[in-house]
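Only one structure is covered here, and it is reproduced in the block below.
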Amino acid sequence: MAGDSETRACKNSFELLSSFVDTFVDFSVSGLFLPPPPNSNPNKPLRTFYPSPDRLIAVGDIHGDFDKCKQSLLLAGIIDATGNWSGGSSTAVQIGDVLDRGSDEIRILYFLEKLKRQAEKSGGQIITMNGNHEIMNIDRDFRFITIDSLKEFSNWAFWYNVGNSMKKLCPGVVDLPNDPFCGVPVEFKGVRKEFHDGFRARIAALQPNGPLSTRFLANNVTVLVMGENVFVHGGLLANHVNYGLERINEEVKDWINGVRGELWRDIGRGRNSMVWLRRFSHELAESCDCEALEHVLSTIPGVKRMIMGHTIQGKGINGACEGKAIRIDVGMSRGCINGLPEVLEITKNSEVRVLTANPAYWDSHGARVMRSGGREGLGLLLEEGRRKQVEVRA
């Protein structure tokens, strides 16, 4: 009888226990208490097409640098000094490559998730995208990881396993997910032994149907159309559009969730894939394939410009092909070129501006001057005469 009573008590308290454990693990891993998640259907298809918001912010590649991530969002005015959403009804798009090259990857994933939930309550939104480094990590391509990132993933694995052990205190009641470490090697040839646990944790967390990949990456879009703008990490070609933009987003989601075995090569592999393409990102604007860009844009109704990351722009955010290609990867991460943060701002009347942390564009009172490209986009205005970036304290 005592056993039945204990089991009944566990059943009655399981939801409370599970919620407490999840909150405890989240805080132990990230230092954040996440707001309650929205009541959304996890099986709902990803949204690919949106109307133009009143204010749109685009943020380039972050690559594991939490400080630069936060500086960019502060620069855009969508978070306050405490790191909470202050953007009202603004929409922010992060164009992918949160992972690799830095040490704060999981911390940034949690931070962006917190802001998504806060923004939704304020009538705003943050949309995150998959870049080539998200695809690579899900596919166990770890060429660009850092030693500190392995420590971060080892820490995640410790607390994840602690949480599961706590949930098992109700035997026969708790429906735990499949063990993500099952089938993951314990040793890795050519890797120093002290890094084996970190590699194992990274694979378990980010593989298809992994705890972090399904939670933070599966609902990322890989292509996004918002009013006159199409966002993609590397670039779009006509065959991508013909394949179907909504189809692409759903297939990537299914692949990350582990319900699809293969991903179409032209999405994530090869130089002509969506997350690797550099045809519109050459440092010299005249070397970009503007004819191919014009053709692609003409196949997406209402779209006038393509916004992309992936290829570092040493001159900062700039435009090519008469403003129809806007390149926003400024290499801000310390794991890249430690560039000064810049973000793109587009208002509903199609005015395009660059908000920059570069002191070369501050006025005499220290205020940040916003470089404007006008209705026609950035064009070649920012290709010439730009001063070299100077590093300043955050």
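How many residues are in a helix (DSSP H, G or I) and either touching a Lys or Arg at 6+ places or on another chain (Cβ under 6 Å) or closer than 26 Å to Pro51 by Cα (or both) if we restrict to the stretch 265-290?
2
Enumerate the pairs (first residue in the stretch 125-145 and small (Gly, Ala, Ser); second residue anywhere and open to solvent by 10 Å² or more (accessible area, probe 1.4 Å)) with beta-carbon separation below 7 Å, excluding pairs fewer than 6 apart on the same chain, so at least 6 apart or on different chains.
Close Cβ pairs satisfying both conditions: Gly131/His310.
Does Cys290 satisfy the condition of being surrounded by fewer than 23 Cβ atoms within 10 Å (Cβ to Cβ), under 24 Å from the mean Cα position of the chain (by Cα) and either closer than 29 Å to Asp139 by Cβ or not basic (Lys, Arg) (or both)?
Against the criterion (surrounded by fewer than 23 Cβ atoms within 10 Å (Cβ to Cβ), under 24 Å from the mean Cα position of the chain (by Cα) and either closer than 29 Å to Asp139 by Cβ or not basic (Lys, Arg) (or both)), Cys290 does not qualify.
When you scan the stretch 156-174, do you find a residue that is in contact (Cβ under 8 Å) with a residue 60 or more places away in the chain, open to solvent by less than 50 Å² (accessible area, probe 1.4 Å) and within 18 Å of the chain's Cα centre (by Cα), even just one?
no
Considering (1) without any contact (Cβ under 8 Å) to a residue 60 or more places away in the chain; (2) among the polar types (S, T, N, Q); (3) open to solvent by less than 10 Å² (accessible area, probe 1.4 Å), say which one Asn318 fails and leave the rest.
For Asn318, the failing item is (1).
Taking the stretch 17-46 only, how many residues are open to solvent by 40 Å² or more (accessible area, probe 1.4 Å) and among the β-branched types (Val, Ile, Thr)?
Going through the stretch 17-46 one residue at a time, the tally reaches 1.
If a residue has to be of a type outside the set (A, V, I, L, M, F, W, C) and closer than 13 Å to Glu322 by Cα to count, how many in the stretch 288-310 make the cut?
Qualifying residue count for the region: 5.
Between Ile300, Ile312, which is open to solvent by 60 Å² or more (accessible area, probe 1.4 Å), touching a residue at least 12 places away in the same chain (Cβ under 8 Å) and in a loop (DSSP other than H, G, I, E, B)?
Answer to the selection: Ile312.
Which one is nearest to the chain's Cα centre (by Cα) among residues in the stretch 267-287 that are open to solvent by 40 Å² or more (accessible area, probe 1.4 Å) and within 13 Å of Leu237 (Cβ to Cβ)?
Among residues in the stretch 267-287 that are open to solvent by 40 Å² or more (accessible area, probe 1.4 Å) and within 13 Å of Leu237 (Cβ to Cβ), the one nearest to the chain's Cα centre (by Cα) is Trp276.
Within the stretch 84-141, restricting attention to residues that are in contact with a Pro (Cβ under 9 Å, 6 or more places away or on another chain), of a type in the set (Ser, Thr, Tyr) and assigned to a loop (DSSP other than H, G, I, E, B), which residue is least open to solvent (accessible area, probe 1.4 Å)?
Ser90
Of the residues Ser30, Ser52, only one is modelled with pLDDT of 65 or more, out of contact with any helix residue (DSSP H, G or I) (no Cβ under 6 Å at 6 or more places or on another chain) and closer than 23 Å to Gln125 by Cα; which?
Among Ser30, Ser52, only Ser52 is modelled with pLDDT of 65 or more, out of contact with any helix residue (DSSP H, G or I) (no Cβ under 6 Å at 6 or more places or on another chain) and closer than 23 Å to Gln125 by Cα.
Run down Glu250, Glu294, Glu283 and say which single residue is closer than 23 Å to Gln94 by Cα and modelled with pLDDT of 95 or more.
Glu250
Scan the stretch 69-83 for residues that are surrounded by fewer than 23 Cβ atoms within 10 Å (Cβ to Cβ) and in a helix (DSSP H, G or I) and jot them down.
Selection gives Lys70, Gln71, Leu74, Leu75, Ala76.
Would the stretch 47-57 turn up any residue that is of a type in the set (Gly, Ala, Ser) and either open to solvent by 10 Å² or more (accessible area, probe 1.4 Å) or free of Cβ contacts under 8 Å to residues at least 40 places away in the same chain (or both)?
There is at least one residue in the stretch 47-57 that is of a type in the set (Gly, Ala, Ser) and either open to solvent by 10 Å² or more (accessible area, probe 1.4 Å) or free of Cβ contacts under 8 Å to residues at least 40 places away in the same chain (or both).
Return the total of residues in the stretch 323-335 being surrounded by fewer than 24 Cβ atoms within 10 Å (Cβ to Cβ) and over 16 Å from Val230 (Cβ atoms).
Going through the stretch 323-335 one residue at a time, the tally reaches 3.
Determine which single condition Glu294 fails, assuming it passes every other condition in (1) assigned to a helix (DSSP H, G or I); (2) in contact with a helix residue (DSSP H, G or I) (Cβ under 6 Å, 6 or more places away or on another chain).
(2) is the only condition that Glu294 fails.
Which pairs turn up if I take residues in the stretch 24-37 that are closer than 10 Å to Tyr160 by Cα and look for partners that are in a loop (DSSP other than H, G, I, E, B) and open to solvent by 30 Å² or more (accessible area, probe 1.4 Å) with beta carbon separation below 6 Å, at least 6 apart in sequence or on another chain?
Going by the 6 Å Cβ cut-off, the qualifying pairs are Asp26/Leu34.
Just one of Thr311, Thr347 is modelled with pLDDT of 70 or more, under 27 Å from Val98 (Cβ atoms) and within 21 Å of the chain's Cα centre (by Cα); which is it?
Just one listed residue meets the conditions, Thr311.
The values are calculated or read from the model by the stated rules, or taken from the named source; none is laboratory data. Bear in mind the structure is a predicted one, so any value in this text is a computation, not a measurement. Note that each Cβ is placed from the backbone with ideal geometry, even for glycine, and that neighbours are counted across all protein chains shown. All accessible areas refer to the heavy atoms of the entire protein, side chains included, with ligands and DNA or RNA removed. Shrake-Rupley method; radii C 1.70, N 1.55, O 1.52, S 1.80 Å.
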